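Before any comments, here is the structure.
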Amino acid sequence: MKDVAPIRFADVSKTFRKQDGEPFFACRELSFSVVEGEVVAIVGETGCGKSTSFNMLLGLQKPDSGEVRVFGKDPFVQSDSLLGLVGIIFQSDRLLPWRTASENVAFGLQILNVEEEKRLETARIWLERVGLGGFEDAYPHELSGGMRQRVSIARAFAIGPRLLYADEAFTALDELTAARVRKDLLGLIRETGITTLFITHSVPEAVDIAQRILIFGRPGRVICEIDRDKERENGKSIAAIETMVRDGLQTAREAMIAEGTAEDMTAEDAQKIKAGGES
């Protein structure tokens, strides 16, 4: 399994039906991969297939055509074989309100049949690593939003995964809290060397965290990609790389209008994109 790419999309297409019964593409011939130890961000506006791609990685949706593979396995039919290999940080913390912080962190280990004493000790260690030592017995309603998201980060890492998914992990937090939690998460990613796929709509967030940035257009496909580390080696500043990403998003907007998304977009949507607004 070491030689198999942690994530691979190969010519993946996925369609849904509009209210009028007409099909529209959420993803069309989407191809990309993430190699072992790499941190990759997917950036794109609403409707570009980020959520659909994430759901296919989780095995919640099946592609109409093409292949989605996680460590060489199809997550839609082999999800059980991926237990313990993948940690997930969602947009909302998704903590169980009747469990303490420690019990929430230990939940994944419980599913993996780790004995109670060991899983609670592991939970304690990871809560300490995310700055929540002493809060083991606190319930979610007793914690701030940033603290709850730290618990969810500890939960993702506690199972010892080889792959981390982070889906808009800081959107629900205020700007200052998000910056602090993002800094701490980045420290854990670097410390553990875990392969990470980060999904976001924030350009600064993507450039801060990822080594490689994939810019999605609509329908879901990679319009362009930017190798942040290579651009830094070539003398580009962080601000310049952020501008490159924004330029890529503008290219994606223009492609939406010039190509087939006219068939999937209302005139109002197209006007918003022309104006540079969020779709």
Expressed in nanometres to one decimal, the distance between label points 7 Å along Cα→Cβ at Asp184 and Gln110 is 2.3
Label-point gap, in nm, between Asp229 and Glu29 - each point 7 angstrom along Cα→Cβ: 3.1
Net charge within 11 Å of Arg129 by Cβ-Cβ distance, Lys/Arg positive one each and Asp/Glu negative one each, not counting Arg129 itself? -1
Antiparallel bridges, percent of DSSP beta bridges restricted to the stretch 60-208 (to nearest 5): 10
Mind putting together the pair-distance distribution for the stretch 92-160? All Cα pairs, 10 Å bins, whole percent per bin, short to long. 25, 61, 14
Exposed loop sites here are GluC sites (Glu not before Pro) in DSSP loop states with at most 14 other C-beta atoms within 10 Å. What is the longest stretch of the chain lacking them? 116-258
With both bridge residues required to lie in the chain, what share of the DSSP beta bridges run antiparallel, to the nearest 5%? 50
With 25 Å as the cut-off, how large is the P(r) tail for the chain, expressed as percent of Cα-Cα pairs? 49
Most fluctuating residue given options Arg228, Arg119, Arg129, as computed from a GNM of the chain linking Cα atoms under 10 Å: Arg129
Using 0.36 nm per residue, how much length does the chain from Asp174 to Ala10 gain when fully extended, once their Cα-Cα distance is taken away? 55.4 nm
Placed amide H near Ser31: partners under 5 Å, 5+ positions off or other chain: Asp11, Val12, Val222
Going residue by residue through the stretch 212-220, the Karplus relation 6.51 cos²θ - 1.76 cosθ + 1.60 with θ = phi - 60° gives ³J(HN,Hα) values, rounded to whole Hz and with x marking Gly or Pro, of 9, 10, 9, 9, 8, x, 10, x, x
Extending each Cα 7 Å along its Cβ direction at Glu254 and Arg94, get the distance between those two points in nm, one decimal. 3.8
In terms of modelled amide H atoms, which long-range or inter-chain residues lie less than 5 Å from the amide H of Ile88? Tyr165
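Each reported figure results from applying straightforward, stated rules to the coordinates on display, with no laboratory input. Quick caveat: nothing in here was measured; it's all calculated off a predicted structure. Here the Cβ is made from the backbone with ideal geometry for all residues, glycine too, and neighbour counts use every protein chain on show.
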